[in-house]
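Derivation of every value follows stated rules applied to the coordinates shown; laboratory data play no part. Quick caveat, the model's predicted, so the values are computed rather than measured. Don't worry about glycine lacking a Cβ; one is built from the backbone with ideal geometry, like all the others, and counts go over all protein chains shown.
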Amino acid sequence: MKNKSHLLGYRIGAIVSPVLAVLAFQFVQGEPASAYASMHEVEFRMLPIVPEGFGETAQVPELVSGTTSPFWFEELEVVEPTLPKYVPPTAQIETPDPTFMLSAVLPSASKSYAVVNGKPYSTGDTVVADWTIVKIAGQERYIIMEHSSGRRIRVKMNR
């Protein structure tokens, strides 16, 4: 019997002690501060019911019928919107770039040469239709070719 009452005391202590700890903490800290709200006084200005200058000589245009109205407006001519003329898209067929084989680059102080597809060319020469050599880089061993459309490609020398 003594054992059961002993266990009961531990169980009650386990339940009551956290509650007592919270109450003791609140007692030491004091009561929580109360929240309050204050009202600020707002000053409202009363607007006049009739605006100033109302009823004085107002510049209201005269209508055709001779009456005047504050809702007068000038009629505008209505123009129907027109669609732009349809232009069918031009079909551009991309042709593959021709194959260029750079086999040698001969740099020179006055004029550099490049051997493309077995023939020597210099800057500004047309290699194939619409393809022109724009730059010959002798030290780096490549050339830049430009198509008449503005497209550029870089051709490296095979080592």
Revision key, fill the gap. Here the gain from full extension of E140 to V16, 0.36 nm per residue of separation minus their alpha-carbon distance, amounts to 35.8 nm
Review point. Hey, any idea what the orientation-averaged projected area of the convex hull of the stretch 102-156's Cα atoms comes to, in nm²?
Key: 3.4
Exercise for review: Could you order peptides 130-136, 96-102 by the average number of other Cβ atoms within 10 Å of their residues, highest first?
Suggested key: 130-136, 96-102
